[in-house]
Amino acid sequence: MAKTTACALDCYDTCKILVEDGIAHIKGYSTHPTGNGALCTLLNKSIHEEERITKPRVNGKEVSLDEALSAAADAFKDTKSLLWRGSGNRGVMQEVTNLLMEKVGGKLTHGSLCDGAGDAGIVEGRGINKTLPYEQIAKADTVVIWGRNVTVTNAHMMPFLEGKNIIVIDPVKTAIAKKADIHMQIQPRTDYYLAIMLARFIYMEDSQDTEWLEEFASEYEDFYDFTQEHRIKPILQYIGTDLGEIGHALNYLRDQKVVFLVGTGVQKYSTGASTLHAIDSLAALLGLFGQEGSGVHYLGNSQLGFESPFATLCKTVSKVVTDFSDFDTVLVQCGNPAESMPDTSRVCESLEEVENLIYFGLYENETSKRASIVIPAKNFFEKEDVILPYGHQHVHKLNKIVESDIGMSEYDFTQNMFDLLGFEGLDSEASYIDAWLSQCEEGEDGYLSPAHEKVPYEEGFGEDGDDEFEFIDDYDDDFINTKSLTKVRTSKKNQLTDDRLWLLTPKTNKALNTQFKRDTKVYLHPALGYEEGAQVKIASEFGEVVLDIMLSEDVRHNCLVVPSNTLGVNMLTPSLVSNEGENACYQEVKVTLEKVEG
Ligand SMILES: Nc1nc2c(c(=O)[nH]1)N[C@H]1C(S)=C(S)[C@@H](COP(=O)(O)OP(=O)(O)OC[C@H]3O[C@@H](n4cnc5c(=O)[nH]c(N)nc54)[C@H](O)[C@@H]3O)O[C@H]1N2
Ligand SMILES: Nc1nc2c(c(=O)[nH]1)N[C@H]1C(S)=C(S)[C@@H](COP(=O)(O)OP(=O)(O)OC[C@H]3O[C@@H](n4cnc5c(=O)[nH]c(N)nc54)[C@H](O)[C@@H]3O)O[C@H]1N2
Ligand code: SF4
Ligand SMILES: [Mo]
């Protein structure tokens with residue numbers, strides 16, 4: 001009989017999967033509300049072809065699983081321990097190891113490599129970060145795709161965009177930008193200013209939704225004053241747009257149902273929270289919250305409304321600027337910090353200092369190579385789990401589809417540690433799975449998150465829906481001197497423009513972060529005068545990397561694109577957390593190029 005499961009890769013879509021005849025015959029579930037019967041190549045191909053770690057290792061020597069587990073248990077005895085968990089598999093059962101950390105007195109991490117800055121900006125305005133259902137996106141007149149590469153990272157959104165006016169805001173002419181009604185190919189890191197400018201013009205022409213504002217966001221006159229602090233001419237020039245383009249965009253925004261699909265691209269900066277808060281403020285001004293067919297869709301808080309059975313009182317350290325050398329034992333689970341964290345040289349130096357680096361994962365990578373203990377994991381086809389999506393709210397039970405001899409599940413690992421270290425209090429795997437599922441609503445199409453609402457923010461904002469929307473009312477930028485753009489700033493570090501290039505590190509369809517295919521290419525505009533196929537040394541104040549040149553007219557002239565699966569990309573990125581949200585700031589960096597003769 002056919003079985004179902006879902007894809008646990010870290011992706012907006014979280015596709016439901018139909019398994020007809022073993023793992024070789026899987027397909028997308030055609031009636032799934034967010035799928036269209038198709039899976040992507042990562043699931044159709046890459047995951048089956050990627051070579052797994054099959055044998056446990058201790059100090060470079062292959063050992064039995066029992067030996068590796070007892071070495072791991074010893075490493076947790078009387079030591080300072082840290083669990084650093086990545087997002088290679090987004091199943092909730094990943095978090096069962098929190099319970100082990102609680103028992104050994106170890107620490108966990110806080111903060112995010114991913115969407116944390118944007119999330120913080122959303123919470124500032126709306127109180128909580130609810131997900132806009134795809135069904136509402138389908139009812140929009142205009143969709144603004146703002147720093148999200150939908151065809152690559154969110155392909156199952158495409159059917160919902162059919163027949164709509166599309167505006168794309170992206171420094172790169174992405175595939176969707178080529179098909180859009182308007183592509184605003186703006187300067188990176190200027191989205192905050194663009195949102196404020198659009199709001200300023202909305203006020204100027206009196207297109208705000210006054211009736212809605214009076215009821216749900218009554219401080220809109222203060223927001224008017226705030227937008228007035230921003231100078232139009234220099235800002236439009238800095239963003240790389242003009243009055244004509246802004247006017248054109250406004251035609252698609254006023255008096256219509258509008259959805260903003262905002263991606264992580266706009267918030268990989270210290271100011272990322274302000275950017276989302278400004279975009280949300282623009283949306284509020286247009287009255288887009290709590291109405292059919294409109295709103296802002298970002299990465300939602302997937303655990304909203306749930307009580308986690310894995311909550312602990314463990315202390316935490318930053319996930320972004322972690323100093324691993326503070327610990328004797330570090331368990332790296334489901335991630336690849338030696339490649340995925342910013343500032344690779346700093347990360348690797350601090351990992352070198354760790355006495356017991358335990359890698360618990362599927363594939364060999366830069367982190368597994370440094371580990372003294374390697375424990376192979378099972379993948380999501382080989383164990384039971386539950387997944388809570390961030391792109392929609394259709395919760396899935398993940399079922400074991402194949403029996404595999406390789407590795408172990410996170411639950412089994414935790415249970416083994418409890419047994420070896422003499423701890424008590426771990427419940428059964430089934431009871432934890434049930435603890436998550438029993439909190440869901442059961443709908444026609446399966447489980448729905450308890451936070452699911454057809455039209456979010458219909459009642460209002462905050463936890464209980466009785467707060468108002470709070471507009472953005474300040475902006476701090478420590479990276480760029482913005483004095484000439486506003487009437488209030490003081491001078492800081494970088495000039496508004498200089499000869500260096502912005503480093504953009506978006507995702508690629510060949511990989512899921514550092515899982516699957518790795519690359520060695522940089523994409524440059526031909527006007528920079530480099531030759532395709534040659535190599536170039538890219539340098540920032542944090543490090544350098546040599547990559548193969550690909551020329552592309554699609555990249556803005558003052559940017560370069562190095563996809564996030566590229567070997568060494570994070571040699572260039574800073575050890576920096578965002579002003580709010582404790583997020584990595586991968587793009588808060590400018591780089592220089594130097595030809596490599598050869
Ligand atoms: N420069 C730059 N860097 C970035 C980004 C960027 O945009 N630019 N993006 C950032 C973002 S958004 C993210 S989310 C992070 C992701 O960074 P990480 O969270 O470190 O994820 P990956 O690098 O994909 O590594 C995932 C690993 O998880 C392991 N794994 C997979 N499934 C399982 C499982 O079921 N169990 C266990 N135990 N292990 C498993 C695999 O071995 C794989 O190597 O990267 C960030 N890094
Ligand atoms: N195939 C595939 N799918 C994935 C992933 C993957 O690695 N591969 N990763 C998954 C994960 S972990 C995440 S977090 C999501 C992220 O998915 P997205 O939200 O799509 O994020 P990115 O691909 O990092 O960047 C999106 C776009 O932002 C643009 N951009 C960069 N800087 C700026 C800027 O300053 N302003 C504006 N307006 N745009 C900018 C980039 O050019 C890019 O087109 O994708 C998920 N889906
Ligand atoms: S990676 Fe994303 S698009 Fe591909 S199968 Fe998984 S959830 Fe669907
Ligand atoms: Mo992410």
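Things to note:
- One residue stands out in segment 387-439 among those that are among the aliphatic types (A, V, I, L, M) and in a helix (DSSP H, G or I): the one that is nearest to Leu261 (Cα to Cα), namely Leu437.
- Residues in segment 569-588 that are of a type in the set (Gly, Ala, Ser) and under 16 Å from the mean Cα position of the chain (by Cα) were compared, and the one that is farthest from Tyr269 (Cα to Cα) is Gly581.
- Residue pairs whose Cβ atoms lie under 8 Å apart, separated by 6 or more positions or on different chains, with the first residue in segment 339-352 and touching a residue at least 24 places away in the same chain (Cβ under 8 Å) and on the phi > 0 side of the Ramachandran plot and the second open to solvent by less than 10 Å² (accessible area, probe 1.4 Å) and not polar (S, T, N, Q), are Asp343/Pro574.
- Index of the failed condition, Gly127 passing every other in (1) within 22 Å of Ser270 (Cα to Cα); (2) surrounded by fewer than 20 Cβ atoms within 10 Å (Cβ to Cβ); (3) small (Gly, Ala, Ser): (2)
- Where Asn36 falls short, out of the listed (1) away from ligand 4 (no atom under 16 Å from the Cβ); (2) more than 22 Å from His297 (Cα to Cα); (3) in contact (Cβ under 8 Å) with a residue 60 or more places away in the chain: (2)
- All of Val332, Val320, Val347 fail the test of being touching a Ser or Thr at 6+ places or on another chain (Cβ under 9 Å), of a type in the set (A, V, I, L, M) and within 9 Å of ligand 1 (Cβ to nearest atom), apart from Val332.
- Of all residues in segment 19-53, those that are in a loop (DSSP other than H, G, I, E, B) and within 19 Å of Lys378 (Cα to Cα) total 7.
- For first residues located in segment 112-131 and within 11 Å of ligand 2 (Cβ to nearest atom), partners that are part of a helix (DSSP H, G or I) and lie 6+ apart or on another chain with Cβ distances below 6 Å form the pairs Asp115/Thr264; Gly118/Gln267; Gly118/Gly272; Gly118/Leu276.
- When segment 235-269 is filtered for residues that are within 16 Å of Phe201 (Cβ to Cβ), in a helix (DSSP H, G or I) and among the aliphatic types (A, V, I, L, M), the ones remaining, listed by number, are Ile235, Leu236, Ile239, Leu243, Ile246, Ala249, Leu250, Leu253.
- Test: residue in segment 85-97 that is away from ligand 1 (no atom under 16 Å from the Cβ) and basic (Lys, Arg): no
- The listed residue being touching a Phe, Trp or Tyr at 6+ places or on another chain (Cβ under 9 Å), among the charged types (D, E, K, R) and under 25 Å from Ile186 (Cα atoms), out of Lys268, Lys257, Lys233: Lys268
- Selected residue [more than 12 Å from ligand 1 (Cβ to nearest atom) and surrounded by 14 or more Cβ atoms within 10 Å (Cβ to Cβ)] from Gly529, Gly533, Gly581, Gly568: Gly581
- In segment 34-57, the residues that are under 16 Å from Phe160 (Cβ atoms), surrounded by fewer than 20 Cβ atoms within 10 Å (Cβ to Cβ) and in contact with a strand residue (DSSP E or B) (Cβ under 6 Å, 6 or more places away or on another chain): Gly37, Ala38
- Some residue of segment 167-180 being within 16 Å of ligand 3 (Cβ to nearest atom) and either within 28 Å of the chain's Cα centre (by Cα) or not charged (D, E, K, R) (or both): yes
The values are calculated or read from the model by the stated rules, or taken from the named source; none is laboratory data. The structure presented is a predicted model; accordingly, all values stated were derived computationally and were not measured. Backbone-built Cβ (ideal geometry, glycine too); neighbour counts: all protein chains shown. What goes into the accessible areas is simple: the full protein's heavy atoms, side chains included, and nothing from ligands, DNA or RNA. Shrake-Rupley method; radii C 1.70, N 1.55, O 1.52, S 1.80 Å.
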